[in-house]
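Undergrad: I have a structure here, written as structure tokens, and I will follow up with some questions on it.
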Amino acid sequence: MFLFLSALFRSGFGEGYSRFPNLPNLVVKEMGCIPLFQRRGIDAYFDPGYRYNMSIKKLVSIWKSWGIRAVHAAAWNYYDSPSYDYKLLISEAHKQGILVYAWLEWPYIGKGFLGCPPEWRGKNALLKMHSLTFYP
């Protein structure tokens with residue numbers, strides 16, 4: 001088996017594979033190369049908005065096989081429906097010995113915030129209310 005790349009690796013950035021971030025995983029999976037060393041106990045960040053098409057049990061089993069020990073799950077919700085089943089995520093992860101933490105990034109807010117009193121919103125340097133921007 002051999003691997004041929006016609007594009008140059010990008011130099012000056014870390015290990016040089018920033019142009020091909022999935023290359024190490026593909027070499028392991030497709031070519032059957034086993035790394036000489038493995039690190040168990042990885043922390044991962046997880047946004048459920050990108051995983052609605054995968055069952056939680058399957059996702060957690062993949063994390064377990066990758067050696068993930070803790071998941072920081074996005075604790076914001078931009079979507080009206082379907083809401084993500086965090087209870088099942090936590091339950092399944094704990095069964096596999098994976099810790100789950102709430103991943104919070106401020107000042108992101110959900111659409112429900114619009115119904116809250118205006119004084120809860122921040123003001124800019126001119127003491128004007130911030131305009132609210134939502135990221136789909």
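Undergrad: Checking Cys33 against (1) modelled with pLDDT of 70 or more; (2) not assigned by TED's automatic domain parsing to the domain that holds Met1: exactly one of these is not met. Which one?
TA: (2)
Undergrad: Has region 57-65 got any residue that is surrounded by 12 or more Cβ atoms within 10 Å (Cβ to Cβ) and not in a helix (DSSP H, G or I)? Working first, answer last.
TA: Taking region 57-65 as the starting set, the residues that turn out to be surrounded by 12 or more Cβ atoms within 10 Å (Cβ to Cβ) are 57, 59-61, 63-64.
Then keep just the ones that are not in a helix (DSSP H, G or I); that gives none.
No, that holds for no residue.
Undergrad: Right, next: Quick check on this structure: which one of Ala102, Ala93 is surrounded by 12 or more Cβ atoms within 10 Å (Cβ to Cβ), out of contact with any Gly (no Cβ under 9 Å at 6 or more places or on another chain) and modelled with pLDDT of 85 or more?
TA: Criteria check complete, one pass: Ala93.
The values are calculated or read from the model by the stated rules, or taken from the named source; none is laboratory data. Computed from a prediction, not measured in an experiment: that's the story for all the values here. Note: ideal-geometry Cβ built from the backbone for every residue, glycine included; neighbour counts use all protein chains shown.
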